[in-house]
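Dumping the structure here so I can ask a few things about it.
The values are calculated or read from the model by the stated rules, or taken from the named source; none is laboratory data. If you're wondering where the values come from, they're calculated on a predicted model, not measured in any experiment. Cβ placement follows ideal geometry from the backbone for every residue including glycine, while neighbour counts extend to all protein chains displayed.
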Amino acid sequence: MTPPKGPRDKAASLSILRRLRPFVAAHATLLAVAALTLPFLAGAQLVAPYLLRLAIDRYITPAAAGQAGALDGLWTLIAILLAVLVAEVALRFAQLYLMQIAGQRIMHDLRMAVFGHVQKLSMSYFDRHPIGQVMTRVTSDVETLNELMSQGLVAMVRDVVTLLGIVVVMTWIDWRLTLASFVVFPFLAVILGFLRVRLRSTYDRSRTFVAKMNAFLQESITGMGVVQAFDEQERNVIEFTGHRDNLLKIDLRGVRLSSFLSASVQSATTVSTALVLAYGGFGVIGGTVTIGILVQFMEYLARFYRPLEDLSDKYDALQRAAAASNKIFTLLDEEPAIRAADDLRAMPDFEDAIRFEGVTFAYDEGDAPVLSDLDLTLRRGEKVALVGSTGAGKSSIVKVMQRLYDHQQGRVTIDGVDTRDLDPRALRRFFGTVPQDVFLFTDSIAANIALDEEAVSRETMAQAADLVEATDFIGTLPGGYDARLGERGANLSFGERQLLAFARALASQPQVLILDEATSSVDSETEARIQRALHNLVADRTALIIAHRLSTIREVDRIVVLHHGEIREQGSHRELMALDGIYACLYRLQYQQDGGNIGAA
């Protein structure tokens with residue numbers, strides 16, 4: 001059994017409301033106009049039963065008793081009643097329309113805030129949280145909150161105002177009938193209190209299960225090639241069934257609770273109606289209550305429990321929204337691990353070198369260091385290659401240098417300036433990276449090369465593509481640079497995608513070029529084209545090359561051999577071969593695997 005909601009939970013709910021306040025305040029005018037309709041709408045709902053009472057007691061009952069001229073003025077009263085009903089419909093439409101507009105705009109702002117915040121989060125956050133989970137926060141969680149903001153919030157206020165007005169008027173007319181009407185209300189209040197905590201807990205778990213299922217879906221669809229290649233479709237279906245069963249169970253629990261809530265309200269309506277009919281009927285017989293008053297009470301009673309039943313549905317939506325907003329604001333409270341310094345220094349002109357000085361780095365606190373007391377220098381204009389087995393720390397050096405992750409000890413400097421004192425965005429623009437796993441967006445060739453088409457001219461983009469010999473295959477595509485790519489560049493070959501990544505890195509005109517195993521998986525012809533372009537690419541830039549194919553780095557200025565996060569050897573290809581250490585062993589082994597003749601080499 002779920003424990004009762006404590007002070008901490010209530011404080012959390014109030015905190016969520018406070019967090020929503022800035023988004024609501026931005027559209028206060030629309031909400032204020034919608035709120036202005038509340039008293040008029042409540043008034044219209046209170047006036048209509050009173051007019052019915054007048055029609056019965058003043059005109060219909062006397063006419064039934066045979067009084068002459070009793071129906072005089074009835075048509076005027078009916079016209080007033082119709083006017084009140086038309087006004088009620090118009091006011092309700094205006095309120096719903098304004099609330100829909102305000103709700104959509106508030107959710108637009110919230111979704112933009114969540115997406116903008118996600119852009120600022122560090123890579124370490126995405127290491128811990130599946131992409132599908134993050135997508136759930138931006139999409140379905142915000143949409144769940146939207147249902148409350150656009151449809152339920154003001155409607156709940158309207159219903160509360162109407163309920164209070166009905167209670168006041170009913171008490172003023174006949175307090176005894178009012179007491180008979182609400183004798184079951186305390187029992188209903190107990191049921192509402194019982195269900196409140198359980199609904200909140202249920203919907204909170206439901207949002208968690210939705211996020212897990214979406215994460216699994218995103219991963220499964222992205223990796224469909226692997227799934228089909230290894231015939232794992234059946235296992236995927238079984239695992240998805242598990243996720244869906246968990247969600248189904250918790251959703252069915254929510255359905256049972258909300259159905260019980262709705263049934264409780266309907267039962268209270270029925271019992272209250274019976275009590276009013278019994279008490280009021282005897283009052284009519286005894287002459288203490290008129291038929292008009294009884295009808296007026298019946299109308300008020302229907303109008304009381306109708307919004308109360310609506311409130312039960314709105315309350316259901318409120319609990320869903322509370323669970324969703326808790327997830328959303330937990331994401332918004334996530335602080336980026338990489339933060340800009342308060343006193344930023346200007347980006348250096350890069351005239352000297354990038355230096356790692358005693359750098360120790362681990363991806364998570366408590367883990368074994370990936371880099372240990374590393375000292376490394378990359379001088380301006382120098383071409384340096386990083387070599388080592390998987391897990392040696394090659395890619396980690398790049399990530400620390402770009403400050404995608406922060407190191408725990410030591411410092412990284414550019415011309416003597418600590419990278420932690422620089423603007424992270426300017427620092428990353430300083431580098432041009434060609435990753436091993438090329439990611440292309442579903443957009444045009446031009447947009448994928450330039451990324452920021454306002455900052456990179458069409459001429460610069462075309463020059464970059466020409467340098468890496470990408471213009472040949474671009475010219476064969478329908479539309480050329482305006483040709484639209486499929487998802488992740490699915491309509492291009494692997495080599496063509498890597499050539500576009502080369503062009504992208506060059507188009508931003510970086511000071512340092514980073515090639516992260518950029519030729520590890522291309523065919524010989526494409527590799528030859530890339531090698532022809534490499535000389536031009538790195539001519540006036542510092543180049544850091546990470547490679548497993550050692551044949552591609554024989555001409556670099558310096559090769560750094562890493563082992564378990566430490567530098568074991570440094571030197572040119574000839575020097576390291578003469579040293580006959582780790583590099584020489586790796587080179588001979590790879591050359592033999594390639595079917596070459598090591599003696600000739």
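Just give me the residues in the stretch 409-442 being within 22 Å of Val359 (Cα to Cα) and hydroxyl-bearing (Ser, Thr, Tyr), in sequence order.
Initially, the stretch 409-442 is screened for residues within 22 Å of Val359 (Cα to Cα), giving 409-428, 430-431, 433.
Scanning the stretch 409-442 gives Thr413, Thr419, Thr433.
Same structure again: Would you confirm whether or not the stretch 241-251 contains a residue that is assigned to a helix (DSSP H, G or I), modelled with pLDDT under 80 and out of contact with any Leu (no Cβ under 7 Å at 6 or more places or on another chain)? Write out each step before concluding.
Taking the stretch 241-251 and keeping what is assigned to a helix (DSSP H, G or I), we get 241-251.
Of the ones still in play, those that are also modelled with pLDDT under 80 are none.
No, every residue in the stretch 241-251 fails to be assigned to a helix (DSSP H, G or I), modelled with pLDDT under 80 and out of contact with any Leu (no Cβ under 7 Å at 6 or more places or on another chain).
Just to be sure I understand, how many residues within the stretch 443-471 are in a loop (DSSP other than H, G, I, E, B) and either among the charged types (D, E, K, R) or crowded, with 21+ Cβ neighbours inside 10 Å (or both)?
Filtering the stretch 443-471 for residues in a loop (DSSP other than H, G, I, E, B) gives 443, 451-457, 468-470.
With either among the charged types (D, E, K, R) or crowded, with 21+ Cβ neighbours inside 10 Å (or both) added as a condition, the list becomes 443, 452-454, 468-470.
Residues meeting the conditions: 7.
Residues that are in contact with a Ser or Thr (Cβ under 7 Å, 6 or more places away or on another chain) and hydroxyl-bearing (Ser, Thr, Tyr): does the stretch 375-392 have at least one?
Within the stretch 375-392 (the criterion being in contact with a Ser or Thr (Cβ under 7 Å, 6 or more places away or on another chain) and hydroxyl-bearing (Ser, Thr, Tyr)), the answer is no, since none of the residues qualifies.
Determine which member of the set Asp523, Asp443, Asp437 is at pLDDT 80 or above and over 30 Å from Ala346 (Cα atoms). I'd like the intermediate steps shown before the answer.
Working: Asp523 fails: at pLDDT 80 or above; Asp437 fails: at pLDDT 80 or above.
Of the residues listed, the single one that is at pLDDT 80 or above and over 30 Å from Ala346 (Cα atoms) is Asp443.
Can you tell me how many residues within the stretch 375-390 are farther than 20 Å from Gly416 by Cβ, assigned to a loop (DSSP other than H, G, I, E, B) and either without any contact (Cβ under 8 Å) to a residue 12 or more places away in the chain or among the basic types (Lys, Arg) (or both)? Break it down into steps so the answer makes sense when it comes.
Narrowing the stretch 375-390 to residues farther than 20 Å from Gly416 by Cβ: 383, 385-390.
In the following step, the residues that additionally are assigned to a loop (DSSP other than H, G, I, E, B) were identified as 388-390.
Then keep just the ones that are either without any contact (Cβ under 8 Å) to a residue 12 or more places away in the chain or among the basic types (Lys, Arg) (or both); that gives 390.
Going through the stretch 375-390 one residue at a time, the tally reaches 1.
Working carefully through the options Glu487, Glu454, Glu469, find the one that is without any contact (Cβ under 8 Å) to a residue 40 or more places away in the chain, charged (D, E, K, R) and either farther than 22 Å from Gly381 by Cα or in contact with a Cys (Cβ under 8 Å, 6 or more places away or on another chain) (or both).
Details: Glu487 fails: without any contact (Cβ under 8 Å) to a residue 40 or more places away in the chain; Glu469 fails: without any contact (Cβ under 8 Å) to a residue 40 or more places away in the chain.
Exactly one residue qualifies, and that residue is Glu454.
Right, another one. Give the residue, chosen from Ser372, Ser396, that is in a strand (DSSP E or B) and either polar (S, T, N, Q) or not assigned by TED's automatic domain parsing to the domain that holds Leu562 (or both). Talk me through it step by step, then tell me what you get.
Numbers: Ser396 fails: in a strand (DSSP E or B).
Result of the check over Ser372, Ser396: Ser372.
Of the residues in the stretch 163-193, how many are over 16 Å from Gly283 (Cα atoms) and in contact (Cβ under 8 Å) with a residue 24 or more places away in the chain?
13
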